[in-house]
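The values are calculated or read from the model by the stated rules, or taken from the named source; none is laboratory data. Fair warning: this is a prediction, and the values are worked out from it, not measured in the lab. Glycine also receives a Cβ, built like all others from the backbone with ideal geometry; neighbour counts cover every protein chain displayed. Areas reflect the complete protein model, heavy atoms only, side chains present, ligands, DNA and RNA absent. Shrake-Rupley method; radii C 1.70, N 1.55, O 1.52, S 1.80 Å.
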Amino acid sequence: MSASELIREIQRLPETERKQVFEFVLHVQKPVWATPRPAGYFADCYSDDEIEASNWLANRGPKTIVP
């Protein structure tokens, strides 16, 4: 069944069933666990020492940007 045939079949359904189908599709596209995190959520993930070590290694890596 092609997408256009499927859409026609859905359009033939009663309104309540159509709404259920569309709600299901919307839920599948954006699951509950995929809600965005608030600003600053990841702000304190690393300690200052880890950040400094990571930056030191990144500055000396093979793909370091040179001005």
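Here are the criteria: (1) within 30 Å of I10 (Cβ to Cβ); (2) modelled with pLDDT under 75. Tell me which single one P38 does not satisfy. Only one criterion is unmet by P38, namely (1). A Cβ distance below 7 Å, combined with a sequence gap of six or more or placement on separate chains, defines the contacts here; from region 11-24, residues that are of a type in the set (K, R) reach residues that are in a helix (DSSP H, G or I) and surrounded by 11 or more Cβ atoms within 10 Å (Cβ to Cβ) in the pairs R18/I10. Screening region 1-31 for residues that are small (G, A, S) and in a helix (DSSP H, G or I) and picking the one that is most open to solvent (accessible area, probe 1.4 Å) gives A3.
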